[in-house]
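Here's the structure, in structure tokens; my notes come after.
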Amino acid sequence: MANYNKGAPIKLAIFTEMRFAFYTLGCKTNQYETDGMIEILKKMGASVVDFEDAADVYLINTCSVTNMADKKSRQMIHRARKNNPEALVIACGCYVQAEKEKLSQDKDIDIIISNNRKKDIGHVIAEYFNSGETACFTDISREKEFEELDVNKPVYHTRAYVKIQDGCNQFCTYCIIPYVRGRIRSRSMDSVIDEISRLAEAGVKEVVLTGIHISSYGRDMDGDTGLADLVENISKIEGIERIRLGSLEPGIITEEFARRIKAVDKLCPHFHLSLQSGCDSVLKRMNRKYTCSEYMEKCELLRKVYKNPAITTDVIVGFPGETEEEFECTRKYLEDINLYEMHIFKYSQRKGTPAATMPNQVDPSVKNSRSDVLLAISEHNKHAYQDLFVGTTVKVLVEELVEKNGKEYMRGHTERYMDVHISTEGITDPQSFKNRIVEVMYEKTTAGEYVGKINRG
């Protein structure tokens, strides 16, 4: 690293001499925020390099949703220091918010930044060199304003993630997120529309609406604006061909909501409805706001409105007190409800949450075996769902060129978020298909893999 001494005067022009490397852990909201910080620093003249390359500044956007996320965050911080002992190492995000005192003493970290202060990244770095300030922190529980981090062009993807809200008021007993993200804060409709309009002008075809709890969008504003209103307005933006929703709470799925979003042709029939358990007694201990019967009704409503919608979910195994009978209830429920795909998580104690001190914590080996059972169900369901579309024409947004089994393919996703590898055989310029939506015949090989061939008729 060049000679940027802490405490020495610095001008913002010095950013033109700096190489930045970023590493993002956790959710798509984190990725959006990283993209926003990258855009800020690029406007200040900084260049961005790969995380494994030599950089002057390493920024790790951390996650704290599980113990493994904490561990991975620490590992990446230490890797950054190892990559270049002379570099400036910055840590931000949820793990930093949760463990401020611990990380402020970590000699591998030069600066810590709390959530809702990422927009200040340039000034934070400048202040470090000017005055030696090593922390930029806020009491997240008192934050009431949405942190604006505009992204005019996605950094790594053909689709663009757009953050529409932050924070959560649910306080599920296992979850640390309300403590590190604060209460719900919605982004203004105008701000969302402005950003997506710029993304459309940059050639983006698909936007994914993300946040910590997007089902609550608008509740903290005038009370008359909700997620359906936002979707309807986004659909009017020329150039945007797909709108995809991030994780939803089941309660948002009502007859009116389903009717309104069905009328938006651009909305992808892909719904990630958070479940967490297929047993009512476990849901009650989790402080989830629905029963298994109510969740089933939401799925049935979506299936009534859409033909074969892709419904995915999250499930936690090994929640405190989960008995064999309760797990068996979950297993049977998940077989009956037949979702497209399930993300299975082994319960992880989060310090400061009610579940962390609940009695009858489940042995890790039991969590592992239960996870294996549900993963097998998920894999079976995924293939059964994909089989429904074999022999049909599907629309795929081409995202990248990849090599698989020694052959080149164009890779992308359907409206239902099915991953498709499209043969490039007979195509002279596969690169020209990137960021285009193409019609392909969806096929299954003898090896059980799902591929596509571009329709030429």
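The values are calculated or read from the model by the stated rules, or taken from the named source; none is laboratory data. Remember, it's a predicted structure, so these values are computed and weren't measured experimentally. For neighbour counting, all protein chains shown are included, and Cβ atoms are generated from backbone atoms with ideal geometry for every residue, glycine included.
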I'd like the full set of residues that are surrounded by fewer than 23 Cβ atoms within 10 Å (Cβ to Cβ), in contact (Cβ under 8 Å) with a residue 12 or more places away in the chain and outside any loop (DSSP other than H, G, I, E, B), limited to segment 183-193. Arg185, Met189, Ser191, Val192, Ile193
Tell me, which strands (runs of 3 or more DSSP E) lie completely within segment 56-131 with 2 or more residues that are within 27 Å of Ile316 (Cβ to Cβ)? 57-62, 88-93
Which one is nearest to Glu148 (Cα to Cα), of the residues in segment 198-234 that are small (Gly, Ala, Ser) and surrounded by 17 or more Cβ atoms within 10 Å (Cβ to Cβ)? Gly211
Determine, yes or no, whether Asp70 is of a type in the set (Asp, Glu), within 28 Å of Lys346 (Cβ to Cβ) and without any contact (Cβ under 8 Å) to a residue 40 or more places away in the chain. yes
Select from segment 419-438 the residues that are in contact with a Lys or Arg (Cβ under 6 Å, 6 or more places away or on another chain) and of a type outside the set (S, T, N, Q) and list them in ascending order. His421, Ile437
Verdict on Cys136 being modelled with pLDDT of 95 or more and more than 30 Å from Glu238 (Cα to Cα): no
Looking only at segment 132-141, how many residues end up being among the hydrophobic types (A, V, I, L, M, F, W, C) and part of a helix (DSSP H, G or I)? 1
Does Thr414 satisfy the condition of being at pLDDT 95 or above, of a type in the set (Ser, Thr, Tyr) and within 22 Å of Gly391 (Cα to Cα)? yes
Which one is farthest from Arg416 (Cα to Cα), of the residues in segment 213-246 that are part of a loop (DSSP other than H, G, I, E, B) and among the β-branched types (Val, Ile, Thr)? Thr225
Do you know which of the residues in segment 1-49 that are at pLDDT below 60 and among the basic types (Lys, Arg) is surrounded by the fewest Cβ atoms within 10 Å (Cβ to Cβ)? Lys11
Subset of segment 297-320 (residues that are closer than 13 Å to Ser277 by Cα and of a type outside the set (Ser, Thr, Tyr)): Asp314, Val315, Ile316, Val317, Gly318, Phe319, Pro320
Quick one: what pairs do we get from segment 281-298, first residue under 15 Å from Glu249 (Cβ atoms) and in the same structural domain as Ala355 (by TED's automatic domain parsing), second assigned to a helix (DSSP H, G or I) and among the basic types (Lys, Arg), C-beta under 9 Å, 6+ apart or different chains? Tyr290/Lys298; Thr291/Lys284
Inspect all residues belonging to segment 85-92 and state whether any of them is within 27 Å of Ile344 (Cα to Cα), buried (at least 17 other Cβ atoms within 10 Å of the Cβ) and at pLDDT 90 or above. yes
Restricting to segment 307-335, count the residues that are under 20 Å from the mean Cα position of the chain (by Cα), of a type in the set (D, E, K, R) and over 13 Å from Phe345 (Cα atoms). 0
Would you be able to tell me the number of residues in segment 366-398 that are surrounded by fewer than 17 Cβ atoms within 10 Å (Cβ to Cβ) and in contact (Cβ under 8 Å) with a residue 60 or more places away in the chain? 4
In the set Val155, Val151, Val180, Val162, the lone residue that is surrounded by 20 or more Cβ atoms within 10 Å (Cβ to Cβ) and modelled with pLDDT under 85 is Val151
Assess whether Arg198 counts as being among the basic types (Lys, Arg) and farther than 30 Å from Phe319 by Cα. yes
If we only count strands (runs of 3 or more DSSP E) wholly inside segment 409-457, which ones have 2 or more residues that are in contact with a Ser or Thr (Cβ under 8 Å, 6 or more places away or on another chain) and over 11 Å from Leu397 (Cα atoms)? 437-444, 450-454
Condition test on Thr353, is it over 29 Å from Glu300 (Cβ atoms) and within 27 Å of the chain's Cα centre (by Cα)? yes
Tell me which residues, restricted to segment 281-308, are crowded, with 18+ Cβ neighbours inside 10 Å and more than 26 Å from Arg416 (Cα to Cα). Val282, Leu283, Arg285, Met286, Arg288
Only one of Ile316, Ile337, Ile344, Ile311 is touching a residue at least 60 places away in the same chain (Cβ under 8 Å) and either exposed (fewer than 15 other Cβ atoms within 10 Å of the Cβ) or of a type in the set (Val, Ile, Thr) (or both). Can you tell me which? Ile316
Among (1) buried (at least 19 other Cβ atoms within 10 Å of the Cβ); (2) in contact with a Pro (Cβ under 8 Å, 6 or more places away or on another chain); (3) modelled with pLDDT of 95 or more, Ile112 falls short only on (2)
